[in-house]
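Report on the structure given below.
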Amino acid sequence: MEKLLSQKNWTPRWYERFPRALPIGIFGLTMAVTVLSVFAIEHAETQREIAQLTQTAQAVGSGIERRANANVAYLRSGAALFATQQMVEAPLFRTFIQQLQLDGNYVGSDGIGWAMKVAPGDVPVVEEVMRRRGSPRFAIHPRPDPAQRVLVPIMYLEPDTSRNLRALGFDMYSEPIRRRAMDQAARDNRPTASGRVVLRQEGLRSGEPGFLIYMPVYSMGQGSQRTLRGFVYSPFNGQEFLQSAINTDRIGPVGIRIYDQAVAPANLIAELKLAERSGRTVQRTLDLAGRRWVIDVEAPASNLLSMMSVMTLLFGLLVATLLLVLARLLTQQAVEDRIALAWFEQQSSIRNSLTRELNHRVKNTLANVLSIIALTRRRASNLDDFATNLEGRIRALSATHDLLTQSEWGTTPVRMVLEAELAPYAQGVEAHVAMAGPDVELAPNDALSLGLAIHELATNAAKYGALSTPEGRVDVRWELLGEDRARIDWRERGGPPLDTAARRKRGFGTDLIEKIVAHELRNPVELLFEREGVRCSLVIPVRRRGDFAIREGRRP
């Protein structure tokens, strides 16, 4: 593990530096791709729709041209027939219509009519003739102005319906749009469509719009001697003409509008409406009997997005969300792995430090034990004394070790060390030991040294001093000398008086306290054997309460 950790590159990888931004970036990138895909799909749908609208516009234009050309063919044939006649009378006109074999189907028009060119002065005569020949209520209207030189009233209009009867007698040359179309047809000698008008058949000026196609009829003459006699024409209701020209079942649900000349509301001739407009249109122009028409085809309103786009968007959102979660989990796992590796490295360092600390403490303890054995053997007179004294001192070390273990080898209070060593003498009704002092914390080594010193003092007091008699007492007090030092005073009283020889005699305990303990506490020990009893003063280092600091090459 240490080898792997030492080879580990601890420089954060790029994706570990942005544990939150990276998943969001992946989500945004995926959604951007999804949006582009939706845009491409919608663009393709729009192009397809435009192609369909263009095809529909072509179909509508072709249908309108077919209907118009069919009517133009009838008008041409009528013009050719009437040009050979001196007078276009009602029987001849009806016979011509019957020969067309239309069977009532006038191909989207209101019929076929004849409008004769009349001079203003001939109006009374024309009206009289028409009334005698079967039209008793025939009258040319509106009445010509004095300056008007030509009238073109409607003489006949088939089929002979009540709707068409409203138009009989109407002077079409009096209306500007019709007049321009007839003049253009006369100049070009070809069928010509008028602009947007309201047919007289509608009966109202605000009726549905329509248009007319005029074919001029000339007298049979040579060159400039030809004379315009009138016009064969067809009136068309714009809406009916449009519906007859297209097959709504084949073109589908689209909107269709036909404009005269240009797209403008005032030029609208016919319209197939949609329930809801979409604004997506395709336009096509065509020539209808010399007149420019604009066909405007509009697509039906649809949803904001097609079904394919919605499915793509939902799928992209799902994928982006999954990638977001996956990226978040991976980056979080990478961060957690790095934290775990750092923790393992720290634990490895702590373990190494603990091993060094343990080795140091074991060496110190073994050195103390060896010193204790050497001094005990030197002072012992027999094997039993050696074993007894050695056992007691080893037990003192063990008791202090237990305290250090409970505190996890952190700081240990002075009171707890004293209580552990003096427990046999400080309990019960006849307690022989009194202790007092502030809270003072000791380092582990200092606690071991103090425990040994107190054990030796207590053992000596139990054998020869204050603890050997019922009246004897031991008073242990400690105080702070500063922020980093404290003094412990041991005083015995009430025990057997010590003679001069006993006070001068030095034993193992004296050597242990003055040499080993003083050395470990790094302060001199004052040990006095007075007649009243032993008095000992120890100065010990103080440690502040806190977390245990692992030894790193230095002593605590």
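The values are calculated or read from the model by the stated rules, or taken from the named source; none is laboratory data. All of these numbers come straight from a predicted model, not from anything done at the bench. Counting neighbours? That spans all protein chains shown, and the Cβs are built from the backbone with ideal geometry, glycine included.
Miscellaneous remarks
- Any chance PRO144 is at pLDDT below 90, under 27 Å from GLN98 (Cβ atoms) and in the same structural domain as SER234 (by TED's automatic domain parsing): no
- Of the strands (runs of 3 or more DSSP E) entirely within region 259-306, those holding at least 3 residues that are out of contact with any Leu (no Cβ under 9 Å at 6 or more places or on another chain) occupy 277-288.
- Residue match in region 249-257 (condition: in contact (Cβ under 8 Å) with a residue 12 or more places away in the chain and either acidic (Asp, Glu) or under 18 Å from ILE213 (Cβ atoms) (or both)): no
- Looking only at residues of region 135-179 that are part of a strand (DSSP E or B) and of a type outside the set (A, V, I, L, M, F, W, C), we find that the one that is surrounded by the most Cβ atoms within 10 Å (Cβ to Cβ) is PRO153.
So that you can scan it fast, the table gives a plain yes or no per residue for (1) at pLDDT 90 or above; (2) surrounded by 15 or more Cβ atoms within 10 Å (Cβ to Cβ):
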{"position": "PRO12", "(1), (2)": "no, no"}
{"position": "TYR15", "(1), (2)": "no, yes"}
{"position": "GLY61", "(1), (2)": "yes, yes"}
{"position": "GLY78", "(1), (2)": "yes, yes"}
{"position": "MET116", "(1), (2)": "yes, yes"}
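- Answer from ARG292, ARG257 - the residue that is surrounded by fewer than 19 Cβ atoms within 10 Å (Cβ to Cβ) and of a type in the set (Lys, Arg): ARG292
- So ASP439, is it more than 16 Å from LEU521 (Cβ to Cβ), at pLDDT 85 or above and in a loop (DSSP other than H, G, I, E, B): yes
- The lone exception for THR192 - which of (1) within 21 Å of ARG67 (Cα to Cα); (2) surrounded by fewer than 16 Cβ atoms within 10 Å (Cβ to Cβ) it fails: (2)
- Qualifying residues in region 49-84 (those that are of a type in the set (Val, Ile, Thr) and farther than 22 Å from LEU272 by Cα) - the one nearest to the chain's Cα centre (by Cα): VAL72
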